[in-house]
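The values are calculated or read from the model by the stated rules, or taken from the named source; none is laboratory data. Just so we're clear, the structure is a prediction, and the values are computed from it rather than from any experiment. Here the Cβ is made from the backbone with ideal geometry for all residues, glycine too, and neighbour counts use every protein chain on show. The protein model used for the area step is the full one, side chains on, heavy atoms only, and it has no ligands, DNA or RNA in it. Shrake-Rupley method; radii C 1.70, N 1.55, O 1.52, S 1.80 Å.
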Amino acid sequence: MTQPAKDLLLSSGFLAFARHAGVLQAFEQTATPVAALCGTSSGALVGALWAAGLRGDKLVDLLQSHPPWRLLRPSAAPWRGLFAMTALRQFLAPHLPEQFEDLALPLAVGVVAGKRHQLISSGPLLPAVLASCAMPYVFEPVRVGQQWCQDGGAADRMGLDAWRQWRPGRQAWAHQVARTAGVDVLADTSGVTLIQTPRSGASFVSLGDFPAQVAQARTLALAVLQKG
């Protein structure tokens with residue numbers, strides 16, 4: 001019997017692109033249906049690409065195609081953040097549609113606006129994804145609509161409570177990358193099946209052994225998914 005589709009939450013995790021890609025490959029391998037995605041920081045970036053139709057090896061190839069330092073540009077206002085998002089914007093733009101509504105799956109990304117955590121799930125997609133990746137003090141805030149936003153992981157790495165408000169009554173898988181920075185909020189996990197993976201070990205200089213990170217995350221996710 002085909003199991004009903006659940007939502008999938010992807011936590012923040014410092015440059016944890018390989019971890020998220022490995023978990024998503026496990027979902028593809030097991031044909032586990034996903035009803036909607038909710039991602040924060042690296043989870044927002046990888047989740048948006050996946051929801052836009054970039055799957056399997058193509059997703060991995062794109063994510064490891066540039067060492068992080070090649071996407072860093074000095075900020076013209078370093079008191080707002082050391083780096084601008086211009087290069088990352090140019091890198092992602094060809095692979096994402098203009099609007100959330102153009103994605104194959106519903107997607108929400110976690111941001112902080114002011115001091116308040118929130119999910120963005122409609123309107124222009126790329127600014128919201130960039131904002132979700134904008135680590136405070138490291139990157140400049142990104143304007144989304146009428147507000148300046150930054151990495152939602154600074155307030156809530158997973159966003160479980162916000163997801164429940166966005167998708168009430170749903171069940172979910174949740175991929176939690178081990179914490180490097182940000183805030184892990186104690187939240188109700190009823191109806192949520194947790195998939196845990198280690199930190200990426202990546203840095204702005206190098207993403208490390210990307211294929212090995214992908215493979216480890218895929219193996220850990222498969223063990224959970226095959227239990228149902």
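Per residue, how much space in cubic angstrom lies within the convex hull of the C-alpha atoms of region 43-176?
Considering the Cα atoms of region 43-176, their hull volume per residue is 115 Å³.
For region 133-138, in order, what is each residue's ³J(HN,Hα) by Karplus, 6.51 cos²θ - 1.76 cosθ + 1.60 with θ = phi - 60°, in whole Hz (x at glycine and Pro)?
Residue by residue, region 133-138 yields 8, 7, 4, x, 6, 8 Hz.
Using a 1.4 Å probe on the protein chains only, how many percent of the accessible area of the chain belongs to carbon and sulfur?
C and S atoms contribute 55 percent here.
Could you go through region 24-36 in sequence order and give the Karplus-derived ³J(HN,Hα) for each residue, using 6.51 cos²θ - 1.76 cosθ + 1.60 with θ = phi - 60°, rounded to whole Hz, and x for Gly and Pro?
For region 24-36, the Karplus-derived couplings read 5, 4, 5, 5, 5, 4, 8, 6, 6, x, 10, 8, 7 Hz, x marking Gly and Pro.
For V144, what residues show an amide H to amide H distance below 5 Å, using hydrogens built from the backbone and excluding near sequence neighbours?
So V144 has HN proximity to C149.
Between region 37-63 and region 93-148, what's the alpha-carbon centroid distance in Å?
Measuring centre to centre over Cα atoms gives 14 Å.
Work out how much length H95 to D57 would gain on full extension: take 0.36 nm times their residue separation and subtract the Cα-Cα distance, in nm to one decimal.
12.2 nm
Can you show me the helix-derived [θ] at 222 nm for the chain, built from DSSP H runs with n ≥ 4 at -39,500 (n - 2.57) apiece and divided by the number of residues, rounded to the nearest 500.
-9000 deg cm²/dmol
So how do 138-144, 153-159, 57-63 stack up, highest first, on mean other-Cβ count within 10 Å?
Top of the packing list down: 153-159, 138-144, 57-63.
Give me the lysines in straight-line cross-link reach of K58: C-alpha distance below 29 Å, same-chain residues under 8 apart excluded.
Cα-Cα hits under 29 Å: K6, K227.
What are the ³J(HN,Hα) couplings of region 147-163, residue after residue, when phi is run through the Karplus curve with 6.51, -1.76, 1.60 and θ = phi - 60°? Round to Hz, x for glycine and proline.
3J(HN,Hα) across region 147-163, in whole Hz: 10, 8, 10, 9, 3, x, x, 5, 10, 6, 5, 9, x, 4, 5, 5, 4.
Per 10 Å bin from zero, what fraction in whole % of the C-alpha pairs of region 138-228 is there, up to the bin with the longest pair?
Histogram of Cα-Cα distances, whole percents per bin: 13, 35, 36, 15, 1.
What does the convex hull of the Cα atoms of region 14-56 come to per residue, in Å³, rounded to a whole number?
It is 60 Å³ per residue.
Label-point separation (nm) for W69 and A181, each offset 7 Å from Cα along Cα-to-Cβ?
1.8 nm
Accessible area per residue, 1.4 Å probe, Å², for the chain: what's the number?
That works out to 45 Å² for each residue.
Quick one: which residues, 5+ away or cross-chain, put their amide H under 5 Å from the amide H of H175? H built at 1.01 Å from N.
When sequence neighbours closer than 5 places are left aside, the close amide H contacts are L9, L10, S11, I195.
Take each of the peptides 206-215, 126-135, average the number of other beta-carbon atoms within 10 Å over its residues, and list them starting from the highest.
126-135, 206-215
Express as a percent, rounded to the nearest 5, the fraction of DSSP beta bridges in the chain (both residues included) that run antiparallel.
Of the beta bridges lying entirely in the chain, close to 40 percent run antiparallel.
Mind checking the dipole of region 1-132: about its Cα centre, +1 per Lys or Arg Cβ, -1 per Asp or Glu Cβ, Debye to the nearest 20?
That gives a dipole near 520 debye.
Using only Cα atoms and rounding to the nearest 10 degrees, what angle (0 to 90) does helix 42-51 make with the longest principal axis of the chain?
Roughly 60 degrees, rounded to the nearest 10.
Near the amide H of R73, under 5 Å away, which other amide H atoms are found, from residues 5 or more places off or on another chain, if H is placed in the peptide plane?
HN-HN under 5 Å from R73: A84, A87.
How far, in nm, would the chain grow between Q216 and Q171 when pulled straight, counting 0.36 nm per residue and subtracting the alpha carbon separation?
Using 0.36 nm per residue and subtracting the Cα-Cα distance, I get 13.7 nm.
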